[in-house]
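Have a look at the structure below before the remarks.
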Amino acid sequence: MRAGRQATFLYSIFAALFTFGVVDADAQDPVRLGPYVVDVRFSLPYYGQDPFVAMQRELVPFQLPARGVGINVGAHVYPLRLGAVTLGIGVEALASRGSRKPLLEELEITVDETTEDPLAPIVTRFDSISPQVSFNFGGTTGWSYLSGGLGPTTFSVAAAGVEDRGERRFSAVNYGGGGRWFPKDHLAVSLDLRFYSISPQEETDELPGIGRMTLMVFSIGVSIK
């Protein structure tokens, strides 16, 4: 429930910023946006504590880090404008990591005697790179966008210091949106809220499985044009 409330809260803030950005940009600045932009953002991914992910790795859900930190970088060009909408094409990359060490009182209540090294910190890593197509609304002083992409993604959960992390590699769809507001001619404040849709990955002899998941990543930083 707490995760759902957090997601709803972030989405509400994002929707308000997106709406304001579209209306304000269209009203004040109809000039064509771009022609290119580079983004550098600090990211806050929400991994959740998925029971299936935990079970496949002989853990219990509360041992998993629910959140992490990361960096998101991207580059986009804007070749075509159709009325109020400008088409964008680019690429974005995300690298993120989260870590959690259980509290002793949690272990005494939840972890049974067969759990191996229950005090070891558990590290989740989630990385992705993908081409992006975006629909942008606004002008040179600021614009909002909706975008999506599909690209190679890696996901792993393991105790800190373990070399063989059972890293899964697959393609994942991402979708979301954000806004860029330029207080200066070439420097903007940049926000992005993105969802990564992960399809089930079957367990193999060497790799643990992953169930169907949707990971949320909120990013804030700067854009340069």
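Quick note: the coordinates plus some simple rules give every number you see, no bench work behind them. Keep in mind it's a predicted model, so treat the numbers as computed, not measured. Ideal geometry is used to build each Cβ from the backbone, glycine not excepted, and the neighbour counts take in all protein chains shown.
Along segment 157-166 the Karplus relation, 6.51 cos²θ - 1.76 cosθ + 1.60 evaluated at θ = phi - 60°, assigns HN-Hα couplings of 9, 6, 5, 4, x, 7, 6, 8, 8, x Hz to successive residues, with x for each Gly and Pro.
Electrostatic bookkeeping for GLY177 treats Lys and Arg as +1 and Asp and Glu as -1; over the other residues with beta carbon under 10 Å from its beta carbon, the sum is 0. This ranking places ASP192, ASP39 by how few other beta-carbon atoms lie within 10 Å of each, fewest first, which gives ASP39, ASP192.
Taking other C-beta atoms within 10 angstrom as a stand-in for reagent exposure, MET213, MET55 fall in the order MET55, MET213, fewest first. Simple point charges give the picture: +1 on the Cβ of Lys and Arg, -1 on the Cβ of Asp and Glu, and for segment 178-225 a dipole about the Cα centre of about 580 debye.
Here the residues ASP205, ASP164, ASP50, ranked from fewest to most Cβ neighbours within 10 Å of their Cβ, fall in the order ASP205, ASP164, ASP50. Placing a pseudo-label 7 Å from each Cα along the Cα-to-Cβ vector at ASP164 and LEU187 gives an inter-label distance of 4.9 nm. Full extension of the chain segment joining ARG97 with LEU150 gains 17.0 nm, where the gain is 0.36 nm per residue of separation less the Cα-Cα distance.
Per-residue Karplus couplings for segment 203-208, computed as 6.51 cos²θ - 1.76 cosθ + 1.60 with θ equal to phi - 60°, are listed in order as 5, 10, 5, 10, 10, x Hz, Gly and Pro entered as x.
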